[in-house]
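Written out below as structure tokens is the structure these notes cover.
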Amino acid sequence: MKILFFTLLPAIIVGCFFYFANRFKDSKFFIAKAFGLGVLIAFPAGYLNTYVLQTFTNNNPINNNLLTGFFAGGLVEELLKFLALLFYLPTQKKLKKFDIVIFALFISLGFAVYENFGYVFQPTGASFEIAFIRAFTAVPMHIFNGIIMGYFFEFYSKTGDNKFLGFTVLMPIILHGSYNFFVSENLLIAKGIVLLQVFMAYRLKIMYDRNL
């Protein structure tokens with residue numbers, strides 16, 4: 001039960017905040033769809049990550065670290081989140097202010113929760129240590145990447161400036177890839193990347209409130 005609790009802890013905290021906040025009382029189904037979409041794209045991500053690793057892994061440790069961090073992790077996963085955002089949002093009518101950010105956040109959260117189960121509940125047995133560490137590192141990394149992606153996409157939707165569309169996909173890939181690259185070698189740097197994401201998300205919110 002303790003392992004399951006920490007596996008779901010970030011989703012519980014974020015989900016409860018938005019469920020009970022009056023500001024989002026009319027967005028619950030919208031949020032649930034985003035979460036479900038995040039879970040769904042985790043399936044093709046798993047196949048694509050496996051394909052990349054099996055195809056391009058060799059005896060060069062630098063090559064393999066880059067594959068694991070930036071290509072089989074950051075590129076595949078963030079690109080799928082971006083495509084979900086890009087192609088699904090236009091089907092939603094009457095988007096309200098801030099809805100794009102929330103939608104991107106919950107796509108990332110749904111993805112992170114499903115991925116978390118795969119890491120924690122392995123065939124060799126469930127790991128409390130992995131559940132605890134990922135609750136405060138990997139899952140927040142996904143969440144804040146979703147927020148960053150959402151803000152840049154919001155800027156793009158309001159201004160039509162393609163540079164924001166580029167930032168929407170490139171910045172999460174860079175941050176996710178950097179986190180993956182360092183997490184197995186230096187957890188302190190990986191935690192620093194998560195803190196950098198928090199700071200970036202905060203700065204983007206300030207820009208959003210001032211300009212839009």
**Asked** Which distance in Å, rounded to a whole number, links the C-alpha centroids of region 100-173 and region 66-88?
**Response** 10
**Prompt:** Counting only the heavy atoms of the protein chains, how much of Ser184 is accessible to a 1.4 Å probe, in Å² to the nearest 10?
**Reply:** 90
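Please state the charge dipole magnitude for the chain, taken about the Cα centre, from unit charges on C-beta atoms (+1 on K and R, -1 on D and E), reported in debye and rounded to the nearest 20.
Working: 17 positive and 10 negative charges, 167 e Å.
With only Lys, Arg, Asp and Glu charged at Cβ, the dipole is about 800 debye.
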**Message:** Probe radius 1.4 Å, ligands and nucleic acids ignored: give me the carbon and sulfur share of the accessible area of the chain as a rounded percent.
**Reply:** 68
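With the alpha-carbon atoms as the only input, what is the per residue convex hull volume for region 1-112 in Å³?
Numbers: hull volume 13.9 nm³, N = 112.
Enclosed volume per residue, from the Cα hull, is 124 Å³.
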**Request:** Assuming R0 = 41 Å, can you tell me the calculated FRET efficiency for the pair Asn63 and Phe128, based on Cβ-Cβ distance, to the nearest 0.05?
**Result:** 0.80
**Segments 21-29, 79-87, 46-54 sorted - mean Cβ within 10 Å per residue, highest first** = 79-87, 46-54, 21-29
**Prompt:** Between Thr159 and Tyr88, what is the spin-label point distance in nm, taking each point 7 Å from the Cα along the Cα→C-beta axis?
**Reply:** 2.6
**Dipole of region 54-212, positive direction: furthest Cα of Phe106, Leu188, Gly73, with charges on the beta-carbon** = Phe106
**Request:** On the full set of protein chains, 1.4 Å probe, figure out the accessible area of Thr55 and give it in Å² to the nearest 10.
**Result:** 70
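Under the rule of -39500 (n - 2.57) per DSSP H run of 4 or more residues, summed and divided by the residues of the chain, what mean residue ellipticity at 222 nm is obtained, to the nearest 500 deg cm²/dmol?
Values: 9 runs with 167 residues, N = 212.
Calculated mean residue ellipticity at 222 nm is -27000 deg cm²/dmol.
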**Asked** Which option, (i) 1.01; (ii) 1.12; (iii) 0.96, is the value of Rg/Rh (Cα atoms, Kirkwood Rh) that was calculated from these coordinates?
**Response** (iii)
**Message:** What does the charge count around Ile12 come to, taking other residues whose C-beta lies under 15 Å from its C-beta (Lys +1, Arg +1, Asp -1, Glu -1)?
**Reply:** +2
**Prompt:** Using the Cα atoms as the points, what is the convex hull volume per residue of region 97-186 in Å³?
**Reply:** 88
**Prompt:** Using a 1.4 angstrom probe with every protein chain in place, what is the largest-first accessible-area order of Phe71, Phe6?
**Reply:** Phe71, Phe6
**Request:** With unit charges on the beta carbon (Lys/Arg positive, Asp/Glu negative), name the residue among Ile41, Phe144, Cys16 whose Cα is farthest towards the positive pole of the charge dipole of the chain.
**Result:** Cys16
**Complete:** With the 1.4 Å probe rolled over protein heavy atoms, region 32-162 has an accessible area per residue in Å² of 48
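The values are calculated or read from the model by the stated rules, or taken from the named source; none is laboratory data. Since this is a predicted model, take the numbers as computed values, not measurements. Note that each Cβ is placed from the backbone with ideal geometry, even for glycine, and that neighbours are counted across all protein chains shown. With ligands, DNA and RNA removed, areas are computed over all heavy atoms of the protein, side chains included. Shrake-Rupley method; radii C 1.70, N 1.55, O 1.52, S 1.80 Å.
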